[in-house]
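Each reported figure results from applying straightforward, stated rules to the coordinates on display, with no laboratory input. Keep in mind the model is a prediction, meaning the values are calculated, not measured. Reconstructed Cβ throughout: ideal geometry from the backbone, glycine too, with neighbour counts over all protein chains shown.
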């Protein structure tokens with residue numbers, strides 16, 4: 001039997017890599033020997049996450065970029081290629097949200113959420129696929145949400161962006177499978193992060209943590225190359241964290 005995929009020295013580009021799920025995945029991949037490129041809009045956060053990864057023996061870069069802007073995505077990808085010559089893993093994790101029913105949401109808020117949550121993964125995927133197709137190897141991990149599988153009042157714009165991201169993943173997988181490229185989508189339930197930890201009524205003991213998502217990410221990324229895991233993958237807690 002062929003051994004599981006080794007992540008040692010593979011180059012992983014992770015958006016939103018300075019906090020929450022992104023940082024959790026970065027540290028887990030560092031433990032696997034991957035080389036990291038952490039992208040975010042706050043230099044202090046991505047530099048701090050990279051410092052922790054280096055303590056685990058990983059090497060990497062911290063790059064400030066707004067992934068909703070094509071020119072900044074091109075710069076991010078080119079910086080990665082100039083440094084490491086390849087990209088083996090793309091983790092589309094960065095996301096933002098806005099509250100309110102659809103009729104209450106201003107167009108600017110809609111555009112901002114869709115820009116980061118959907119346009120960003122599109123721009124990054126579009127930028128890395130030529131290289132992955134040329135090397136006939138690559139993995140793309142999209143971090144979606146339970147809101148991408150359910151319909152929650154007041155969460156419509158974020159939820160719509162994640163529903164669309166799920167379908168985006170399926171198209172990318174279908175179009176690139178013959179090039180030995182695998183695409184995964186993880187839909188986490190409530191995860192304790194900087195964005196959620198102070199939410200009223202949230203019981204942290206009944207929540208997921210970034211490490212839970214990171215463990216699943218590593219499991220997916222280290223499967224044998226011929227193994228395809230159908231997506232999206234829903235990961236939840238047994239108990240309702242809002243009770």
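Key figures
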read-out: Within the chain, helix-based [θ] at 222 nm, where runs of 4 or more DSSP H residues each add -39,500 (n - 2.57), nearest 500; value: -13000 deg cm²/dmol
read-out: Using alpha-carbon coordinates, inclination of helix 43-55 to the longest axis of the chain, degrees; value: 50 degrees
read-out: Pairwise Cα inverse-distance average, inverted: Kirkwood Rh of segment 126-224 (Å); value: 15.2 Å
read-out: Helix axis angle, 156-176 relative to the chain longest principal axis, alpha carbon, degrees; value: 20 degrees
read-out: Crossing angle, helix 120-135 versus the chain [Cα axis fit, 0-90 degrees, rounded to tens]; value: 20 degrees
read-out: The chain: Rg to Rh, with Rh as the Kirkwood radius over Cα pairs; value: 0.95
read-out: Residue 218-residue 196 pseudo-label distance in nm [points 7 Å out on the Cα-to-Cβ vector]; value: 2.1 nm
read-out: Isotropic mean projected area of the C-alpha convex hull, segment 23-153 (nm²); value: 8.9 nm²
